[in-house]
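**Student:** Before we start, here is the structure in question, set down as structure tokens.
Read the figures in this text as sums done on the coordinates, not as results from a lab. Fair warning: this is a prediction, and the values are worked out from it, not measured in the lab. In this analysis, Cβ positions are derived from the backbone assuming ideal geometry, glycine residues included, and neighbour counts consider all displayed protein chains.
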Amino acid sequence: MLSLVTASALYLRWLPHHGLPILLLFAVSAGAALAIYLTQRRRYGASAYGVSRERVDADVNAVLWTAFAGVALGALGIGVVLAA
Amino acid sequence: MTNSQDAPDGGAPPRGRLAERLLPGGEEPDPRFTLANERTFLAWIRTSLALLAGGIAIEAFTSDLFLEPVRKGLAVVLLLLGMLLSAGAALRWLRVERSMRHKAPLPLPLIVPLLAGAGAVAAAVVLVFVLWR
């Protein structure tokens, strides 16, 4: 989550160089960080409970959404760089 | 990034449809291994984010160092690598999770040579242009 927040701050730093399209990158990065923040308490509780009963189900959705956010950031970044 | 709920009858709780589809069969591995697999996935995602941010930075701040085509090329290479790492991290997480569920040997990390090779190429390009300039 903190990595995504840091990345979103860096994207804002490059707003003067790349213009408004960089706000898309900021929105994706900050949005992903916010989603992680809002769900982390539930996920931490589930993990802690799972460890105590020795069974933790893999959270496929969270992994795929996080990876999708990275791919989306890359695709948008390439668009911004090529359009500059 | 984990889920766990007890079934009403005290047996194994039902898994989600996506989990059943992508991680079929086998049995839940030791929770420490599942959590370690997630930590490894998140470490790859952090690397990917660094590359994604670095790609934009190269394009923004190296105009006095590189010619425009080189600058854009390096930025696109870094951004592509970040994208591939994100997707590769998810695929590796899936493959490792499947292997653990079936008590099979863990797969080789294919994204390690990808990152090493692309990193070496990018470093070589930068070195050539810094020396040549």
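**Student:** Over the residues of the protein assembly as shown, compute the C-alpha Rg and express it relative to 2.2 N^0.38 Å.
**Tutor:** On the way: Rg = 19.8 Å, N = 217, 2.2 N^0.38 = 17.0 Å.
For the protein assembly as shown, the normalised Cα radius of gyration comes out at 1.16.
**Student:** Return a whole-number percent for the relative contact order of chain B, with Cα pairs under 8 Å and 6 or more residues apart as the contact set.
**Tutor:** Values: 96 pairs, mean separation 36.9, N = 133.
That works out to 28 percent.
**Student:** Could you give the angle, 0 to 90 degrees to the nearest 10, between helix B:68-101's Cα long axis and the longest principal axis of the Cα atoms of chain B?
**Tutor:** 20
**Student:** Take the Cα radius of gyration of the range B:16-79 and divide it by 2.2 N^0.38 Å, with N its residue count; two decimals is plenty.
**Tutor:** Working: Rg = 19.3 Å, N = 64, 2.2 N^0.38 = 10.7 Å.
Relative to the 2.2 N^0.38 Å estimate, the range B:16-79 comes out at 1.81.
**Student:** Using alpha carbons only, how many degrees (0 to 90, rounded to 10) separate the axis of helix A:22-52 from the longest principal axis of chain A?
**Tutor:** 10
**Student:** For chain A, restrict the atom set to alpha-carbon positions and state the Rg and Dmax in Å.
**Tutor:** Considering chain A through its Cα atoms, Rg and Dmax are 16.0, 53 Å.
**Student:** Let me spell out the model: positive unit charges on the Cβ of Lys and Arg, negative unit charges on the Cβ of Asp and Glu, origin at the Cα centre of the protein assembly as shown. What dipole size does that give, in debye rounded to 20? Display every interim value, and only then the final one.
**Tutor:** On the way: 20 positive and 14 negative charges, 19 e Å.
In total the dipole reaches around 100 debye.
**Student:** So if I restrict to the alpha-carbon atoms in chain B, what is the Rg, and what is Dmax, the biggest pairwise distance, in Å?
**Tutor:** My reading of the Cα-based Rg and Dmax gives 20.2, 72 Å.
**Student:** Pairing the Cα long axis of helix B:31-61 with the longest principal axis of chain B, what angle in degrees results, from 0 to 90 and rounded to the nearest 10?
**Tutor:** 20
**Student:** In what order do B:LYS72, B:LYS103 fall by count of nearby beta-carbon atoms within 10 Å, going from fewest to most? The partial results should precede the final answer.
**Tutor:** Working: B:LYS72 17, B:LYS103 9.
Ascending Cβ contact count within 10 Å gives the list B:LYS103, B:LYS72.
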